[in-house]
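The values are calculated or read from the model by the stated rules, or taken from the named source; none is laboratory data. Predicted model, so just to flag it, every value in this text is computed and none were measured. Reconstructed Cβ throughout: ideal geometry from the backbone, glycine too, with neighbour counts over all protein chains shown. All accessible areas refer to the heavy atoms of the entire protein, side chains included, with ligands and DNA or RNA removed. Shrake-Rupley method; radii C 1.70, N 1.55, O 1.52, S 1.80 Å.
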Amino acid sequence: MKTAMKYLGLVIAVIALTFTSCTKDGEIGPAGQDGIDGTNGEDGNANVRVFKYDISQSTGGSFTQEIPEITADVLENDLILGYLRTNIRENSPIPATRARIGGFTDVDVAVNIEIGKYSFSFFRESSSTLLLLPKGSMEELKIIIAKSSSISAKTGEENMRSLLKNAGVDINDYHAVMDYYGLEY
């Protein structure tokens, strides 16, 4: 019982520090170019950047977005979250299984992140059959990069995922992540 109370106290302290350690850095920066809407995030535990890309004219089963901000350092240390807004106005987390994309249900979305690139492909559920989406099925790709300031045994990405989970943030919920970091949708 005593151990459980100490653990509970520690969890409450971590959550309290998480909510009070971030302060707003400033106003949202100017809109980027080529469909990029870069925004400055919070100082403290994370420096968060959001990039939005208009992909409404895209078709097919695979798509690659050039994102120069995905550097080797970002790949190795930071949390990269992807969300796909579809023509039915849902912000689906990607990669995903059984997502609703356009008029299709139960779509698996595979993601490959490389230096400077964020690629994703659509497959029929639990198969390797590429699903070809018509133009207008997707509207916007949203990428959130949360810089890790961790010096722990965990990787920066694992640390950021743990931080969000411990704060009660569902990383599959785009709005919950944006609310947590105090960013505009």
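Looking only at region 146-159, decide whether some residue is at pLDDT 90 or above, within 19 Å of Asp54 (Cβ to Cβ) and either open to solvent by 40 Å² or more (accessible area, probe 1.4 Å) or among the hydrophobic types (A, V, I, L, M, F, W, C) (or both).
There is no residue in region 146-159 that is at pLDDT 90 or above, within 19 Å of Asp54 (Cβ to Cβ) and either open to solvent by 40 Å² or more (accessible area, probe 1.4 Å) or among the hydrophobic types (A, V, I, L, M, F, W, C) (or both).
For the structure I just gave you, tell me whether Ala110 is without any contact (Cβ under 8 Å) to a residue 24 or more places away in the chain, under 13 Å from the mean Cα position of the chain (by Cα) and surrounded by 15 or more Cβ atoms within 10 Å (Cβ to Cβ).
For Ala110, the condition - without any contact (Cβ under 8 Å) to a residue 24 or more places away in the chain, under 13 Å from the mean Cα position of the chain (by Cα) and surrounded by 15 or more Cβ atoms within 10 Å (Cβ to Cβ) - is not met.
Exactly one condition in (1) of a type in the set (A, V, I, L, M, F, W, C); (2) assigned to a strand (DSSP E or B); (3) within 18 Å of Phe51 (Cβ to Cβ); (4) modelled with pLDDT under 95 is false for Val177; which is it?
Looking at each condition in turn, Val177 falls short on (2).
Restricting the search to region 165-178, which residues are free of Cβ contacts under 8 Å to residues at least 60 places away in the same chain and either in contact with a Phe, Trp or Tyr (Cβ under 6 Å, 6 or more places away or on another chain) or open to solvent by 90 Å² or more (accessible area, probe 1.4 Å) (or both)?
Lys165, Val169
Which of the residues belonging to region 109-126 are part of a loop (DSSP other than H, G, I, E, B) and touching a strand residue (DSSP E or B) at 6+ places or on another chain (Cβ under 8 Å)?
Gly116, Glu125, Ser126
Looking only at residues in region 80-91 that are in contact with a helix residue (DSSP H, G or I) (Cβ under 7 Å, 6 or more places away or on another chain) and of a type outside the set (A, V, I, L, M, F, W, C), which one is least open to solvent (accessible area, probe 1.4 Å)?
Filtering first and then ranking leaves Tyr83.
For the list (1) open to solvent by less than 50 Å² (accessible area, probe 1.4 Å); (2) outside any loop (DSSP other than H, G, I, E, B), I need the number of the one condition that Glu76 fails.
So the condition that Glu76 fails would be (1).
Only one of Ile94, Ile70 is open to solvent by less than 40 Å² (accessible area, probe 1.4 Å) and either in contact with a Lys or Arg (Cβ under 6 Å, 6 or more places away or on another chain) or closer than 17 Å to Asn47 by Cα (or both); which?
Ile70
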